[in-house]
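Take a look at the structure below.
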Amino acid sequence: MLAQWNVAVIGAAGSAGETFVSILPFALLGVLVVVVAHLLLALARRRAVVSRSPWGWWAWLVYLGTLASVAVLGITSLVAVIRFGILDGWWLFIHMFGAGAFTFVLPLLALTWCEANRCECPARPAGDEGPQTTRFSCLAKTMFWLILTAGLVVIGTMVLSMLPLFGTHGLELLLDVHRYAGLAVVAAMILHLYATVLPRLGVG
Amino acid sequence: MSRYARGASLLLWLACPGAVLSAAESRFAHTGSRSQYVHWIDLYDANQRRIDPTDPKASPYSPSRTCGRCHDYEAMTRGHHFNAILDSASPGRPGEPWIWTDTRTGTQLPLSYRRWPGTYDPREVGISNWDFVLKFGRHLPGGGPGTPSAPAADQAVKPAPSAEAAAEGESKQAATDSAAADPGRWKLSGKLDIDCMICHSNDHQYSMELWSKQIEDQNFAWAPTVAAGLGFVNGKVSGLPDDFDPAKVEENARHKLPTTTYMTGRVNAEKKVFFDVVRRPHDNACYYCHTHKPVGQDAVPEWNCDEDVHLKAGLTCADCHRNDIEHHTVRGFEGEAHPTGQSVAALSCRGCHMEGEDAGRLGAPLPKHAGLPPVHFDKLSCTACHSGPSVSDQASAVLTAMAHGLGLPSHDHSENLVPGIVEPVLKRDGGMLYPHRMTWPAFWGALHEGQLNPLPPEEVQTALRNTLRVRRGQTLKDTLLDVKLTKDEKLAVLGEARAAVAEAELTEEEKAQLDERISQKAQEEFQAKLAKALGELKAIIKQEGAEPVYVAGGKAYRLSGDGQLDVFEHEAAEPYAWKLGHDVRPARQSLGVGGCFDCHQAEAPIFEGRVTAISPVLDDQPRTYVMYELAGFDKFKLDAWNQSFQGRTLFKWLGFTSLGVVSLVLMWYAMRGLAGLAGVCRKV
């Protein structure tokens, strides 16, 4: 049923690739809007800078690994799709290596930072927070869990498509889900990077 | 219809005798029923005279005049099987050529009136319609070159489909004009009409062997009568002199035209003859011209070969390869545009089996292709995985009906039969991979300003007969291999002690040494003979400045300045390939059924399979191609891609592990979050 729904939606939109390419600018624009809005809000509030705990070497390693792999995946897929309409040839080859790296670092990222990105409700008063939870802002935490969730979907769709379980329509559906989940990972990563860099600039 | 309407119709008919008929009307009557019409019909000869089958001087019946009384014969001449020679016919997708084979001169020339790239128009190489019919009539259905009418209209050379043809020299046009002007012995043989009964006979009496024999005897007009079993013929046109005039011959003269005697068993009291006719041809009719036979040491014997899976499922050839009255037979490839404008998309593999308008015709199942990434459908045709023999380390030899005369009794159906054809060869067209059959042209030609054109085969045979000295019943290759070592040569190989020993007492190693020397000597003699032949060919080359060349096995040979043989590459020596569509294998025997590693690994036959050129002459270093070269793949990219698949299994395990860990983390913190929320709610 899902596959048939997918066929109908894609058919209405022209083709899966064309739909994704047409959505892409809006998604990236949305990221930019969020960044600008958050920045303006942070500047307007002029809150006292919350001191963030420094990262250890392991955290840096994992984060840079994640950043690098998402960058490779994002660049190869988005550039290839925009320029050629299809992810193929050397672009796909490099994308595959990025996928391997991402699959490796994502659980490490999850295990390393899961506690530090725990959200508490209601939030403790300033100054009363434990050392772990001061590491990331609310935006960063939200993006962290979004990266994990979307990353799970990205890896899951790709692994499932490598098994002889789904026919052509099912594989096309998995590919579509993979595309959009991948876009979500890229967007979340950009926002997470922004949210992580911002405190180091003395804002928020 | 009211009387007023009747009256108006009558007036209209009287006023406009050439009025266009409506779509539902035709000048030929139809039953409009799916049931077969019983054909008790009068026979008519080529002069439109009604035939009395009981008359001992009866003429042979003419299909165009007999069948043509009720069926639009004129329209059928424009059909795909008959229209190759027409200017108006579209060349269509390149297919199997006619291969002019002359074993005496080592000639294998791919011919096509459609001028597909890589083939030659028979008229441009000095092959007249007459020659063509005599050579290939065994597998011609009649019509086309068999029915020359006004030479200027029907035999004019068609506009070249490519730019190269525009640069052809004057000598080609001269040869064309010469071929077109030669009337042959048509006035004696009669025309070779399209014989409808080749395909539409239902009574299994139709004999293509008799058809072929009548053509061989130049009894073109008699062939339909004899082949259909309607009668038998006494006499041969081939025995008549060129200047024979039937009007001047007395009854008991030595030469006379063949006589026809009809079988009275099929004639009723009204002197009508029964034709057991079927609308849709049986597969047996198609098989006569469209059979192929794998040969060679590794070939599966015929009794153990399976037919196309569609036929085993109950379909017939004509279920997919169907046509309208104009006989524009659907070829069944993707993107085919039918001349009638009707969509035939659903009669292609993808159109019938995948999705789209009219998909699922005739109960075609929708394949799941489980686990096959959809990108493969953009890179591989359906036939690449499902048709023809499975791709292997070495492309294997195959015989075809058109090229090797399958369907007629012969003692030789071995892999040595010329012309050499191999399959499957994977090549790309429009970015997609298709399986092909491939053959290498071999001919004697003239090279002028980079353009290499074949010389007329019969002229070559005449010029080189004494040089090549091929004995009757032998091929040029047999003659070249028929080499014996002299006593001194044997002495040089085996030494004095062993040279005198009887052959049966020689060791295997000694025999191998002798064979190697014989092979070497044969090669030396071949080169000397070839050089001499090229020297003698200069005499028949009319074009000034042109040099003689021999092409075979993917190579071109010419004489260098010092009279030595020079081997060089030329476009004209490149192999000619045509796509194959049958036999379709069952899904469980398709390429990739074993998983990704069927293709994506080092040394996979689809990329690394070898194709070795087959030459009608000796070649101790035959050209060998690798599939990826022929398909135009980048070797480095291919190797990198295939290597990456080695990590595929590991990646799957890594993926499962990653999914497990991340899922657990998400679930754990989701539960904690929910627990936290529940606590907050309780406090509230």
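Could you tell me whether B:Thr657 is under 54 Å from the mean Cα position of the chain (by Cα) and either exposed (fewer than 15 other Cβ atoms within 10 Å of the Cβ) or more than 7 Å from chain A (Cβ to nearest Cβ) (or both)? No. Among the residues of segment B:616-632, the ones that are in contact with a Gly (Cβ under 8 Å, 6 or more places away or on another chain) and not in a strand (DSSP E or B) come to 6 in all. Residues that are closer than 24 Å to B:Val422 by Cα, out of contact with any Gly (no Cβ under 6 Å at 6 or more places or on another chain) and surrounded by fewer than 14 Cβ atoms within 10 Å (Cβ to Cβ) are absent from segment B:636-654 altogether. Do we find a residue being of a type in the set (A, V, I, L, M, F, W, C), more than 30 Å from B:Ala552 (Cβ to Cβ), at pLDDT 95 or above and not in a loop (DSSP other than H, G, I, E, B) anywhere in segment B:80-87? Within segment B:80-87, not a single residue is of a type in the set (A, V, I, L, M, F, W, C), more than 30 Å from B:Ala552 (Cβ to Cβ), at pLDDT 95 or above and not in a loop (DSSP other than H, G, I, E, B). Of B:Leu565, B:Leu580, all but one fail to be of a type outside the set (S, T, N, Q) and buried (at least 21 other Cβ atoms within 10 Å of the Cβ); the exception is B:Leu580. Give the residue that is surrounded by the fewest Cβ atoms within 10 Å (Cβ to Cβ), with candidates limited to residues of segment A:161-174 that are within 19 Å of A:Gly100 (Cα to Cα) and within 9 Å of chain B (Cβ to nearest Cβ). Across segment A:161-174, the extreme among qualifying residues is A:Leu163. Residues in segment A:98-116 that are within 7 Å of another protein chain (Cβ to nearest Cβ) and either crowded, with 23+ Cβ neighbours inside 10 Å or in contact with an Asp or Glu (Cβ under 8 Å, 6 or more places away or on another chain) (or both): 4 in all.
Restricting attention to segment B:609-635 and to residues that are over 25 Å from B:Ser390 (Cα atoms) and not charged (D, E, K, R), the residue that is nearest to the other protein chains (Cβ to nearest Cβ) turns out to be B:Gln621.
Beta carbons closer than 9 Å, at least 6 apart along the sequence or on distinct chains, pair a first residue in segment B:79-108 that is in contact (Cβ under 8 Å) with a residue 60 or more places away in the chain and at positive phi with a second that is polar (S, T, N, Q) and buried (at least 19 other Cβ atoms within 10 Å of the Cβ) for B:Gly106/B:Thr475; B:Gly106/B:Ser615. Within segment B:28-43, not a single residue is of a type in the set (Lys, Arg), at negative phi and part of a strand (DSSP E or B).
Within segment B:505-528, the residues that satisfy the criterion of being charged (D, E, K, R) and under 18 Å from B:Pro622 (Cα atoms) are B:Glu516, B:Lys521, B:Glu524, B:Glu525. Can you tell me which residues in segment B:63-79 are acidic (Asp, Glu), touching a Gly at 6+ places or on another chain (Cβ under 8 Å) and part of a loop (DSSP other than H, G, I, E, B)? Answer for segment B:63-79, where residues must be acidic (Asp, Glu), touching a Gly at 6+ places or on another chain (Cβ under 8 Å) and part of a loop (DSSP other than H, G, I, E, B): there is none. In segment B:364-411, the qualifying residues are those that are crowded, with 16+ Cβ neighbours inside 10 Å and among the hydroxyl-bearing types (Ser, Thr, Tyr), and the one that is nearest to the other protein chains (Cβ to nearest Cβ) is B:Ser381.
Listed by first and then second residue, the pairs with beta-carbon distance under 9 Å, at least 6 apart or on different chains, first residue in segment B:297-322 and of a type in the set (S, T, N, Q), second in a loop (DSSP other than H, G, I, E, B), are B:Gln297/B:Glu415; B:Thr316/B:Arg280; B:Thr316/B:Pro281; B:Thr316/B:His282.
Counting the residues of segment A:153-199 that are assigned to a helix (DSSP H, G or I) and either free of Cβ contacts under 8 Å to residues at least 12 places away in the same chain or at positive phi (or both) gives 5.
Considering segment A:7-42, the residues that are in a helix (DSSP H, G or I) and of a type in the set (S, T, N, Q) include one that is modelled with the highest pLDDT, namely A:Ser22. Confirm whether B:Ile99 is surrounded by 23 or more Cβ atoms within 10 Å (Cβ to Cβ), more than 30 Å from B:Ala46 (Cβ to Cβ) and either under 21 Å from the mean Cα position of the chain (by Cα) or at pLDDT 95 or above (or both). Answer is yes for this residue.
Of all the criteria given as (1) surrounded by fewer than 17 Cβ atoms within 10 Å (Cβ to Cβ); (2) over 27 Å from B:Lys635 (Cα atoms); (3) outside the structural domain of B:Leu315 (by TED's automatic domain parsing); (4) not aliphatic (A, V, I, L, M), the one not satisfied by B:Arg588 is (3). Inspect all residues belonging to segment A:175-184 and state whether any of them is within 10 Å of chain B (Cβ to nearest Cβ) and acidic (Asp, Glu). Taking every residue of segment A:175-184 in turn, none turns out to be within 10 Å of chain B (Cβ to nearest Cβ) and acidic (Asp, Glu).
Is it the case, given these coordinates, that A:Val79 is part of a helix (DSSP H, G or I), modelled with pLDDT under 95 and either within 14 Å of chain B (Cβ to nearest Cβ) or out of contact with any strand residue (DSSP E or B) (no Cβ under 7 Å at 6 or more places or on another chain) (or both)? Considered against the rule, which asks whether it is part of a helix (DSSP H, G or I), modelled with pLDDT under 95 and either within 14 Å of chain B (Cβ to nearest Cβ) or out of contact with any strand residue (DSSP E or B) (no Cβ under 7 Å at 6 or more places or on another chain) (or both), A:Val79 comes out as yes. Those strands (runs of 3 or more DSSP E) of segment B:411-508 in which at least 2 residues are more than 23 Å from the chain's Cα centre (by Cα), considering only elements entirely within it, cover B:443-448, B:451-454.
The values are calculated or read from the model by the stated rules, or taken from the named source; none is laboratory data. These numbers come from a predicted model, not from an experiment. All Cβ positions, glycine included, derive from the backbone under ideal geometry; neighbour counts span all protein chains shown.
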